[in-house]
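Q: Structure in structure tokens, see below.
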Amino acid sequence: MNRSIVATGTTGLDTILRGGLPASRLYLLEGQPGSGKTTLALQFLLKGAELGESCLYVTLSETADELAEVAHSHGWSLDGLHLFELAAAQNVLGDGQQQSVLHPWEVELDGTIKLIQAEVERLKPTRIVFDSLSELRLLAQDSLRYRRQVLALKQYFSPRNITVFLVDDLTGGERDAHLHSLCHGVISLERVTLDFGAARRRMQVQKLRGVNFIAGYHDLALVKGGMRIFPRLIASDHHVPFVGDPISSGVAGIDALLDGGPLRGTSTLLTGPPGSGKTNVALKYVATACERGERCCVFEFDERTGTLLTRAKALGMDLQAHIDSGLLELRQMDPAELSPGEFAWAIRECVEERDCKLIVLDSLNGYLSSMPQEKQLMLQMHELLSYLNQSGVVTFFINPQNGLVGSMSTGNLNVSYMADTVIMFRYFEAGGRIRKAISVIKNRSGAHEDSIRELRIDAEGLRLSEPLKDFSGILTGTPQYVGESGPLLDSNADQR
């Protein structure tokens, strides 16, 4: 039998659940205090109210005023929901229930359940949130009686076509495996406090019978307007057909290095010491793509966007004009507030909503340093680059090397295997001047020059010399030029 699907009110969660939750089932929403359970539960009910359904929030712990404060913080109104507050249930069941045969907690539990059932019969809701099970545990006192009561609630709700969220704040410590087995699905929320920066929140669907959901952890954020969940990226789910033609930088010498330029659907690593021209070369590709009418996005971790725009303008690239036209977006990333899932979702929005054809990540070190306590970041970056490649996007990611001169390294960060193309930048000394060298180490997508050229960056833009033949030590980080001065870029030298 095909069962209808109900939307949860959270787009990311619906994506993880392949559309939503099977209707008329009992679900467990668990998490420690502060993990976002109330927010998610309210979004679930507000979505039902938006669709014209009758929705009931049963609270045993929080008051109606406290729920209203949560709603107000997100700009919501609870006018379309039914709130049933049971904080005063003991007063209702108090004076008239004196007896000596049953324990008081047995009377309180039975009376509470009857009050809930009476409210359900009166309102006939299609969605219910029951907050929280910890209060039910206190009323039951005995674990066996508590589990029997939860089972009785499940049997009561089942024939009434009601989708139920049972909220558990895990005040008992460990998760209740018996409760997991009773529920049709289990959604777990977590809050992790880091050594520095904002707390990270994440969620996972631990089980959902009959649904091929996206398993694993998914980052989330609580912002004004509700909870945003960022589904874990699976690159193989996002392949689109595209033509892998080369893109030009607008500089003939740079294009010649890559036999016309990097192909669409490939990633290019720009590596070298700070100040050697990596970002400027990437921005040249961005400016030229915008001139072709293609949308681009630059994710900036290290440099202020204002400084970036000023530097680009000094080199003859008016990026502000492309920003004003909507072709270019510069995103200043806040390292202390970012999670890997949120970053991946931001890139997906650029590709799928803005149709970006070129993306720059500046820099990879900044991305990794912003999340030092996150695990498996390199695997997540590999999946992200695979997604961009399968979407036909040209990706440039910058990896500064340690040190300005002499022997240089990337530390423990080895990302060259992920890139389709690797362009290396170096400093060298010749003719009494400090100069920059550029060369291509590998290019999976086609032929490339194996020569070394001088790179000049000045008010005239980017220029490359003819290949410099008499070089030694370029790969060691201490290159030496021992040739003639003819090919070097001086004021009267040939330019490409």
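Q: GLY261 passes all but one of (1) in contact (Cβ under 8 Å) with a residue 60 or more places away in the chain; (2) over 28 Å from the mean Cα position of the chain (by Cα); (3) crowded, with 20+ Cβ neighbours inside 10 Å; which number fails?
A: Going through (1) in contact (Cβ under 8 Å) with a residue 60 or more places away in the chain; (2) over 28 Å from the mean Cα position of the chain (by Cα); (3) crowded, with 20+ Cβ neighbours inside 10 Å one by one, GLY261 breaks only (1).
Q: Further question: Working only within segment 462-486, note down all residues that are assigned to a strand (DSSP E or B), buried (at least 17 other Cβ atoms within 10 Å of the Cβ) and modelled with pLDDT under 75.
A: Passing the criteria: PHE471, TYR481.
Q: Now a separate question. LYS313: among the basic types (Lys, Arg) and crowded, with 18+ Cβ neighbours inside 10 Å, yes or no?
A: no
Q: Would you tally the residues in segment 240-280 being in contact with a strand residue (DSSP E or B) (Cβ under 6 Å, 6 or more places away or on another chain) and β-branched (Val, Ile, Thr)?
A: Of the residues in that region, 5 qualify.
Q: Does GLY293 count as closer than 17 Å to SER248 by Cα and small (Gly, Ala, Ser)?
A: yes
Residue-wise test of (1) surrounded by 15 or more Cβ atoms within 10 Å (Cβ to Cβ); (2) at pLDDT below 75; (3) out of contact with any strand residue (DSSP E or B) (no Cβ under 8 Å at 6 or more places or on another chain).
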{"site": "GLY94", "(1), (2), (3)": "no, yes, yes"}
{"site": "GLU106", "(1), (2), (3)": "yes, yes, yes"}
{"site": "LEU109", "(1), (2), (3)": "yes, yes, yes"}
{"site": "PRO125", "(1), (2), (3)": "yes, no, no"}
{"site": "PHE130", "(1), (2), (3)": "yes, no, no"}
{"site": "GLU135", "(1), (2), (3)": "yes, no, yes"}
{"site": "ARG148", "(1), (2), (3)": "no, no, yes"}
{"site": "LEU153", "(1), (2), (3)": "yes, no, no"}
{"site": "PRO159", "(1), (2), (3)": "no, no, yes"}
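Q: Now a separate question. Tell me yes or no: at least one residue of segment 294-303 is of a type outside the set (Asp, Glu), in a helix (DSSP H, G or I) and either assigned by TED's automatic domain parsing to the domain that holds VAL360 or buried (at least 19 other Cβ atoms within 10 Å of the Cβ) (or both).
A: no
Q: Next question. Is it the case that segment 339-349 has a residue that's free of Cβ contacts under 8 Å to residues at least 24 places away in the same chain and in a helix (DSSP H, G or I)?
A: yes
Q: State all residues of segment 25-38 that are surrounded by fewer than 24 Cβ atoms within 10 Å (Cβ to Cβ) and either among the aliphatic types (A, V, I, L, M) or in contact with a Gly (Cβ under 6 Å, 6 or more places away or on another chain) (or both); if no residue qualifies, say none.
A: LEU26, TYR27
Q: A follow-up question, please. Scan (1) more than 22 Å from LYS207 (Cα to Cα); (2) aliphatic (A, V, I, L, M); (3) under 25 Å from the mean Cα position of the chain (by Cα) for the single condition LEU42 breaks and write down its number.
A: (1)
Q: Here's something else I'd like to know. If you scan segment 229-253, which residues turn out to be surrounded by 18 or more Cβ atoms within 10 Å (Cβ to Cβ) and among the charged types (D, E, K, R)?
A: Answer for segment 229-253, where residues must be surrounded by 18 or more Cβ atoms within 10 Å (Cβ to Cβ) and among the charged types (D, E, K, R): just ARG232.
The values are calculated or read from the model by the stated rules, or taken from the named source; none is laboratory data. Model, not experiment: these values are computed from the prediction. Virtual Cβ from ideal backbone geometry, glycine too; neighbours counted across all protein chains shown.
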